[in-house]
Amino acid sequence: MSEVAIGKRKEKCENCTKQVRLAFPALTAQRSLCFTSKQPVLLSACLSCDRCISDEESQRISQQNLQEIYKVLSLNKRCDASEHKVLAVSVCPQSLPFFSVKFHLDVPQAAQKLCGFLKSLGVHYVFDTTVAAGFSILESQKDFIQRFRRRHHDSNALPMFTSSCPGWIRYAERVLGSLVTPLICTAKSPQQIMGSLVKDFFTQQQKLTPDKVYHVVVAPCFDKKLEAVRDEFYSNLLETQDVDCVLTSGEVLRMMEEKGVLVEDVDSVPLDHVLGEFHEENLVRHEGRSSEGFLEHIFKHAAKELFGLKVEEVVYKTLRNRDFLEVSLERDGETLLHFAAVYGFRNIQTLVHRMRKGRVPYQLVECEGEGGRADKALLQQMEEAYSSLPVRLPEMNPEIQRLYHNWLEGQDSPRAMQALHTQYSQRQSQQLPPDIQW
């Protein structure tokens, strides 16, 4: 998504009497949706309405910018140590290929340059969030297996919806309500699992309280700022978020440009590891059509766990368009698994209409709010850079297994449920008119 200055103004929604607080008008700038009338209203306006975002939440979103980072860095240079904070930056796997393309380097080299730049500013730790993504995939797989096995006596078991798109999650909570919210996978997104990992495990290792760590996530789009300020990821006791600030990849690049930093002049510094153990940097990726590939991981795991079948390659079938895809597992003419990948709000609307009529054949639906709107050339270059990394299944990651043991006291412990899962529920759901326009 393109970057814009985050301002604050008030105006009326077109054909709507509700006053809108447009705190961040370009979070979802190209989506359009109408909640209240026959005329389309930008979803950016609807998501920014005070029905969805409180004044406190809006304030916290407005603070997620470069100035806040500079502020923390400035405080750390002052004599009053009580104001100092450990600054930790977590970089999403989707962002590293962006820097790879912009720096004209391979992904591991770009990661080291990015780490070197951030540490030159005064950042103490720079992490890669692949471990957090691995946790999210494993917990999503577990959630699906449990839902599938109770599908005959639990109407809210299937289809399971999985999404790391905060815009879609908010849409599901505010508009679709109880039709969808019980069906959303409870595993936290990689961003928020990384938040738990840094503010819980890492702070314990460093003998710090969570409020003494300022945790920044570098993510590919503005929507992730929405997720970071959700109430369930905030500690009232410590007055701290699991993720204090989200910066987009473009904002970090702009920081380099503002400071006149040339990539070739930046030292290459290895990334840090949350376990605190030094070893050679070994960036890996997960399998899948997208950068995390939740659908494919869950599909392969379910085929093996439920039916004893090994799936080597997931083959997608295009339906209405390239942003509405199906995947099926068949045996002896019987369909055992039927998943869908649905991108963009138009396609999600089609799926919801089917759900209202009880005609959804899928056991899992992977949803994202936008489909096909990115810079195609840049996206292609990023995918090529990302695909050059070696693949490692989360199940095979020894770091994850050690964290399950050392941090969470086991894979099915109450501590694991608290750190790795969340709940979604209907929030001031709005009734969609039958003639909704997109």
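The values are calculated or read from the model by the stated rules, or taken from the named source; none is laboratory data. Bear in mind the structure is a predicted one, so any value in this text is a computation, not a measurement. Cβ coordinates were reconstructed from backbone atoms using ideal geometry, including for glycine residues, and neighbour counts include every protein chain displayed.
Of note:
- Output for the stretch 122-168, where each listed residue is assigned to a loop (DSSP other than H, G, I, E, B), at pLDDT below 95 and β-branched (V, I, T): T129
- Candidates S100, S74, S58: the one that is surrounded by fewer than 21 Cβ atoms within 10 Å (Cβ to Cβ), modelled with pLDDT of 75 or more and either part of a helix (DSSP H, G or I) or acidic (D, E) (or both) is S74.
- Out of Q411, Q426, Q380, sole residue that is assigned to a loop (DSSP other than H, G, I, E, B) and over 30 Å from Q205 (Cα atoms): Q426
- Selected residue (criterion: surrounded by the fewest Cβ atoms within 10 Å (Cβ to Cβ)) from residues of the stretch 377-398 that are within 21 Å of the chain's Cα centre (by Cα), of a type outside the set (V, I, T) and within 16 Å of L138 (Cα to Cα): E395
- Scanning the stretch 208-235 for residues that are within 26 Å of R174 (Cα to Cα) and among the β-branched types (V, I, T), we see that the one that is surrounded by the most Cβ atoms within 10 Å (Cβ to Cβ) is V217.
- Any chance S178 is in a helix (DSSP H, G or I), under 17 Å from E368 (Cα atoms) and among the polar types (S, T, N, Q): no
- Residues in the stretch 386-408 that are at pLDDT 90 or above and outside any loop (DSSP other than H, G, I, E, B): P394, E395, M396, P398, E399, I400, Q401, R402, L403, Y404, H405, N406.
- Single condition K119 does not satisfy, out of (1) closer than 30 Å to D267 by Cα; (2) buried (at least 19 other Cβ atoms within 10 Å of the Cβ); (3) at pLDDT 95 or above: (2)
- L208 meets the stated requirement of being in a loop (DSSP other than H, G, I, E, B), over 23 Å from Q67 (Cα atoms) and touching a residue at least 40 places away in the same chain (Cβ under 8 Å).
- Number of the condition not met by F345 [criteria: (1) under 22 Å from the mean Cα position of the chain (by Cα); (2) at pLDDT 95 or above]: (2)
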